[in-house]
Every structure is written in C-alpha cells, then in structure tokens.
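Each remark here refers to the structure printed beneath this line.
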Amino acid sequence: MRSARMVALFAAGLLALSACSSPTDTATGDGGAPLVVATAGEPDTLNPVLNYGVDGGSLIFDGLVARDERNQLVPALARELPTVSADGRTVTAKLRDGVVFHDGTPLTAQDVVFTYQAVLDPKVDSTLRSDLDMLASVAAPDPSTVVFTLEYAYAPFLQRLALGIVPAKALAGQDVNKAAFNRKPVGTGPYRVTSWTPGDRLVLAANERYWGGKPANSGVVVAFVPDDNVRAQRMRAGEFDAAELAPKLASGFEGRSGYRVQRVPTADYRGVMLPMGGPVTGDPAVRKALNAAVDRSAMVAGVLGGAGEPAFGPIPPTSEFADPSIAGKPSADPAAATAALDAAGWKPGPDGVRVRDGRPAAFSLMYPATDSLRKELALAVTADARKVGIKITPEGLTWDAITPRMKSDALVMGFGTPYDPDFVSFKLFTSTFAGQGFFNPGSYRSALVDQALRDARANADPAARKAAYATFQKQLATDLPWVFLTYLQHTYVVSDAVEGVAPRVEPHEHDVANSLWWNIHTWTKTS
C-alpha cells in the first residue's frame, strides 16, 4: 500500500501534467500512469548546450543519433547514420521528415547548426566546447541537410552527434547562459517539461507527437534525493517506482515482496586521484605502495556487496580497447608495498607511520559526504594504507569544500564511459587539461600519454587505435596518478509493478536519463 507521501508526490506530478490548457501541452490521459523515479544527482540546467544530458542522456531532447540497448549508434533526428568522407573531415547528416519540437515548431537543419555553434561560442559557458575542438564549421545547405567540417579527422565524431538539439528561435539573440529556456526547455524528445522544483523534482509529460511513437505512460516524475539513506527509506515507504541505491542499501530489498533489485553493468570506476605536486601524494614510491596495498577484492565483496569488479585502469575490461596486461593483483600485496617504501627511504616511525626527511607519509583523502559508497571506499583505502605505514585522514565534505582543494588533496573520484575511451580519458589525463577543475585535477603530465591519446583520437583504424590506447594504459599503470579501485555495477530497486526495463551498460554520468530509465518512455506499470 502506498504511503501518504507517495500519493502526494503522484498527485503533484499529475497536477503538473494537466496544468496547461493548450491542446499541444495537455496530456490526453489515455497513456499509462506516470512513473516516479529517484536519483541522487540534479542537473544545473536543462539545456544540452550547457551540458544537460551528456552523451545524449536526455528524456527531453534528441540528437542526430542515439544509442540502442547495446549502446550501438542508431539514427535519431537523422534519418540514417551520417556519412563520413574518405579523409574523415566532412560529415553529412540528413534530417528525418516531420519532426516537431514540443511547441509544434518544425525541426530544421538550422536548429542543428545553431545548437553546435552555441556550444562553440566562447561567450557560452559550455564544458562541451572542448569535446568539439575538432569542429571547424557546421552549415545547413538546405533545410534537411547538415554538413560538419572538421579541423582534423576525429575517429569517434559520429558519437558526438548524440548532443540534444535545441530550437534556434527559442534562444537566438539571447544570453544562453541566463536564458529562461534553461529551466523551461523545448525539445523534440519523448517528454516535455511541465515543472522543475529545485531540490525536489522534475515533472515531465508525455510528448504525444513524438516522432518515435507516443510514450507508453503519461509522464515521469524524477525525484532528486541526494542522500543515499534517505532515498532508501523513501523507496521502502513506497514513494518511488524505481530508485538507484548504493549496493549495500539495495541488498536490503532482496526478497522483499513487491520489489526487485536490478544490477546493471557499467564502465563507471572509482579511484583515488593523487595530486602530482603533493609532497607525499606526488612521490612515485608512495603511489606505488598504495596501489599495491589496497585490497580491491575485499572492496568488491564488502563495500560493493559483490556488485562490481576490481579496477586497474580507466578503460573497462568490456571495451575493445582494454589492455589486459595492466591488471595487477586484486588482493592486497603488502610485501610489494613495503618494499617500494623501503627502497625510497620511507622508514617506519615510532607510531608506525613512515617518515622520510622528517616528513610523515600522511595525507588527506576527500570524498563527498552524502555518497555512502565513496565514504566506505575511502575508509577501506585508509585501513589498507595504515597497514603499510601510510596515514590517510578521510574527510567527508561538500562539493563546494572539495573543489578548491583538488589540486593539493587526494579525492575519491568517479568517471568512466562505455562509449569511446576518448570521451573521458583525453580530458582526464592529458597535460592540456592539467589543473582545470575536474579535468585532470591532480595535474598529471606525461608526453607519452599526451601523444598516445592524440594518436588514438585521430586515427580511424581500429588496430592503430587499440595500439595507442595500450600505450596509454601501460604508462598510466607505471606513473599511477590514480589508484583505481573498482568498477561498479549500478544497483537499482524497482517495483514489481513496472514492466519494460531494459538495462544496458552505463556510464558514470547517469542521473536523470543515462541510467536504468534510459528507455522509460516504453515502461508501463500495473496498478
């Protein structure tokens, strides 16, 4: 039986779904009941130009291409996959006929041009601009054709065409950074926005004119609940149809009547980012010792409840570009750790903490305080490090407190993509992005890695790309700017009343849409 709070949440969603009076904005009511899903993260904006729906993860917008249940590219707003010229520098897309935005405006090639030009505009605060640094120009020779011209051949460019397309007329001549559109957007996707209450929920109504077919339900309410434990409590109270939970919290629903636990494979890794300029974290021997000291198998079994696997690098084992030679011991190797520290002159102190030249082998390890999984990983790393004489002080902080300290203090971080390795690794490990916020925050620099990652993105030949990524992974395993810990399985609890769930391998970014509910427009539920 649903709690009163669940009924209130549904009622609020339904009220928002029916609040508009124009024919184009009112749901007919003949779709299935709206669904309520809960996630930890909340977007800063609903504008794809400003980074909403990274890599096409959006319920509101469509890109020229999308991904199917196997993460393979399929046509979306493009009627077929765009064509690439022999030299790899010209990409042509033909638009699907009859697509309209939520307000009834027809989609044209000029909307696509505007979207990409807005990302490239230096006056627009888009972190996606560096993703498109290969794009020289985008043009619309006619209303249904878009031509992209690249500065250089970029192997995964078609995957960049998953970017959600915005209507030019809604944003032309405005300050995109401050536009009302960012909170009340208009897209072509399966759902349209009816309300967004910051810190609470996003309410979406079915787009009955969706080019891909009318959604199977009347709408979606996305509840934003950053605290893992609170999200679990509210799921137990019956407030949500589905919720992402940390593995241990999700396991509490195993065997519970009315629920099922869904474990989804991912390319999402967790690791300890070690600032290269720190007096302790920057020492190669300390990094090598920490890498050997951590017990990844114990973390998978204990912290993840078995929902994951050990990690030794940023390219998941499921990727065609993964190099198996970098894998180390999944369990701790204290002998190797102590040997590395001994050889570098880190001697045991009276309290067991190693010391060199009067400096203890000690540093802080930050993690976001509301993330129970990262907290447990930080505590596990702390305990393993202490066994070999490295003293770590874990600190649970807000992101506002973490951000200014990333250049000097270690941090439990998460990244990863099942798409092209270039999408994450180029920004995270090339010297070009050293010290730029969450891009390479530890200022790792390696000329060999820089060249390998440039070669991998510029070469369309799969064998050449694989060789370049092998070089990258081996050098990273030597330098150890990160101590990689685990790959996760994302764990969700889903009501037994929900049908249509189709898990696919997920990236790190998966809050509103790039998650279990990527295809929620096909979900239904029984009452």
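Would you tally the net charge around ALA468, using a Cβ to Cβ cut-off of less than 14 Å, leaving ALA468 out, and scoring K and R as +1, D and E as -1? Counting the neighbours of ALA468, the net charge comes to -2. What is the sum of charges around GLY98, taking Lys and Arg as +1, Asp and Glu as -1, for the other residues whose C-beta is under 13 Å from the C-beta of GLY98? Neighbourhood net charge equals +2. Just so you know, the Cα atoms of region 175-236 work out to an Rg and Dmax of 14.4, 43 Å.
Near THR105, no amide H atom lies under 5 Å from its own; only residues 5 or more places off or on other chains count, and H is placed 1.01 Å from N. For region 214-296, taking Cα atoms only, Rg and Dmax work out to 19.8, 58 Å respectively.
Report the Stokes-Einstein translational diffusion coefficient (µm² s⁻¹, integer) for region 419-527, Rh taken as the Kirkwood radius over Cα pairs, at 37 °C with viscosity 0.692 mPa s. Calculated translational D: 198 µm²/s. Counting only Cβ charges, +1 for Lys and Arg and -1 for Asp and Glu, the dipole size of the chain around its Cα centre is about 820 debye. With kT/(6 pi eta Rh) evaluated at 37 °C and eta = 0.692 mPa s, and Rh the Kirkwood radius from Cα pairs, region 109-204 diffuses with a coefficient of 221 µm²/s according to Stokes-Einstein. Each residue of region 402-413 was assigned a 3J(HN,Hα) from its phi angle through the Karplus curve 6.51 cos²θ - 1.76 cosθ + 1.60 (θ = phi - 60°); the sequence is 6, 3, x, 9, 5, 6, 10, 10, 5, 8, 6, 10 Hz, with glycine and proline shown as x. Reported value for region 196-339: 206 Å³ per residue, from the convex hull of its C-alpha atoms. For the Cα atoms of the chain, what angle does the longest principal axis make with the long axis of helix 284-293, in degrees from 0 to 90, nearest 10? Between helix and principal axis, roughly 80 degrees.
Between ALA502 and ALA298, full extension at 0.36 nm per residue minus the direct alpha carbon distance yields a gain of 70.4 nm. In this structure, the residue pairs whose Cα-Cα separation is over 22 Å, taken from LYS123/LYS169; LYS329/LYS427; LYS214/LYS525; LYS248/LYS474; LYS248/LYS375, are LYS329/LYS427; LYS248/LYS474.
Sorting 58-66, 139-147 by average packing, meaning the other beta carbons within 10 Å per residue, from highest down gives 58-66, 139-147.
Region 306-402 gives an Rg/Rh value of 1.03, both radii derived from C-alpha positions and Rh following Kirkwood.
Take the Cα of LYS387, step 7 Å toward its Cβ, do the same at THR105, and the gap between the two points is 6.0 nm. Rounded to the nearest 500, the helix-only mean residue ellipticity at 222 nm of the chain stands at -7000 deg cm²/dmol, with each DSSP H run of n ≥ 4 adding -39,500 (n - 2.57). One quarter of the surface of the convex hull around the alpha-carbon atoms of region 77-116 equals 3.2 nm², the direction-averaged projected area.
Legend: P(r) of region 30-185 from all alpha carbon pair distances, 10 Å bins from 0, whole percents, reading 10, 40, 37, 12, 2, 0. Here the 3J(HN,Hα) profile of region 50-67, calculated from phi with Karplus coefficients 6.51, -1.76 and 1.60 at θ = phi - 60°, is 9, 5, 6, x, 4, 6, x, x, 8, 8, 10, 10, 10, x, 5, 10, 9, 10 Hz, Gly and Pro shown as x.
Residue separation of ARG260 and ASP351 scaled by 0.36 nm, minus their Cα-Cα distance, works out to 27.9 nm of gained length.
The loop-placed trypsin sites (Lys or Arg not before Pro) in region 383-432, going by DSSP, include none that has at most 10 neighbouring Cβ atoms within 10 Å of its Cβ. A Förster radius of 30 Å, combined with the Cβ-Cβ distance separating GLN233 from VAL74, puts the computed FRET efficiency at roughly 0.20. For trypsin sites (Lys or Arg not before Pro), the sites in region 234-282 that DSSP calls loop and that have at most 14 other Cβ atoms within 10 Å are ARG256.
Sorted from longest to shortest, the spans of the Cα atoms of the chain along the three principal axes equal 77, 61, 38 Å.
With the simple model of a label 7 Å out from the Cα in the direction of the Cβ, GLU151 to SER527 spans 5.9 nm.
Close amide H contacts of ALA66 (hydrogens built in the peptide plane, cut-off under 5 Å, sequence separation of 5 or more or a different chain): VAL74, ALA76.
For ASP125 and ARG359, calculate 0.36 nm times their separation in residues minus their Cα-Cα distance, and state this gained length in nm to one decimal.
80.0 nm
Each reported figure results from applying straightforward, stated rules to the coordinates on display, with no laboratory input. Predicted model, so just to flag it, every value in this text is computed and none were measured. Note that each Cβ is placed from the backbone with ideal geometry, even for glycine, and that neighbours are counted across all protein chains shown.
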